[in-house]
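Shown next, in structure tokens, is the structure this report addresses.
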Amino acid sequence: MPDVFIITDVVEPGSQVSGLSIAQAMKQAILPKSDTVKGKAGSVATSHVEVLAVNDLGSRKAELRDQILCPLTLNLPEWLAFPGQAMFAACAEVQSLRDLVADWQYGINAGNYWLPLVVTAKGVLFGEVIAQISRGAMPAYHQPFHLVDAQRQSLYELGQRLLRSLSAPPGVYLLQFGLLEHRIEFDRLIPFPDLPAIASVNVQTPNLFQCHWACLTNQPIRDLWISSSG
């Protein structure tokens, strides 16, 4: 039986970048490490990782008990229990989150930028912003995208406030936002390393998939840094 289930939507065109899907990137983040990692309940074996589509969850229900679940989609059944369940449900209510942020006097708009928020047991680490640089069936993303200090501080404040208000458990979050006349405008919060996070592979150390796995298994992350070629 798998030790870890990575849960995704059915793979469709446009669900990967440069041939790498988020499920593959997540699996690579888990398996190259040592055979065991230290978790809250002691050593957690990671010798068998399986990618499971949402549509197949019902038929595998009994196997999901007492395993590490790593959802990479908001399209989850209500009966699926895992530590981030409440957070995923809150992030799925996109309009409710937009209404909340609007009450904080932030603008609301669709955006093609993402701020990585790495929530560890000891606090939040901010990754460099990711930008979408092309569209179509095979979108492309780039990290880092540089902001001026005022934009960066506004974004950090919004991220911290959102995470506190939602009591976010450890994990990687992507704060999606737009820019209108240099002003930050909120779009949504994604509670896992979604497709733009692939931009961090071979650019950020540890990359966002490695960060997510470390957070899920209570491993420390001391810093994030970008390679000189990033």
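Could you calculate the contour length gain from Q85 to Q28, that is, 0.36 nm times the residue separation minus the distance between their Cα atoms, to one decimal place in nm?
Details: separation 57, 0.36 × 57 = 20.52 nm, distance 2.38 nm.
Taking 0.36 nm per residue and subtracting the Cα distance, the gain is 18.1 nm.
Quick one: if the Förster radius is 41 Å, what FRET efficiency do R152 and E93 give, using the C-beta to C-beta distance and rounding to 0.05? In this case the efficiency is close to 0.90.
Once the Cβ-Cβ distance of E63 and S134 is raised to the sixth power relative to R0 = 41 Å, the FRET efficiency obtained is 0.55.
Please list the three semi-axes, largest first and in whole Å, of the ellipsoid equivalent to the stretch 114-230, using sqrt of 5 times the eigenvalues of its alpha carbon gyration tensor. Write down the numbers at each step before the final one.
Details: eigenvalues 84, 64, 35 Å².
Equivalent ellipsoid of the stretch 114-230: 21, 18, 13 Å, largest first.
Take the Cα of R161, step 7 Å toward its Cβ, do the same at N218, and the gap between the two points is 3.3 nm.
Restricting to DSSP H runs of at least four residues, report the calculated mean residue ellipticity at 222 nm for the chain, -39500 (n - 2.57) per run over all residues, nearest 500 deg cm²/dmol.
Details: 5 runs with 53 residues, N = 230.
Value at 222 nm, helices only, nearest 500: -7000 deg cm²/dmol.
Under 5 Å between amide hydrogens, built in the peptide plane, is the criterion, and for L52 it picks out I6, I7, T8 among residues at least 5 positions away or on other chains. Three principal axis extents of the chain based on alpha-carbon atoms, in descending order, are 52, 39, 38 Å.
Every number here is computed from the coordinates shown, using simple stated rules; none is lab data. These numbers were taken from a predicted model, which means no experiment stands behind them. Please note: Cβ atoms are built from the backbone with ideal geometry, for glycine as well, and neighbour counts cover all protein chains shown.
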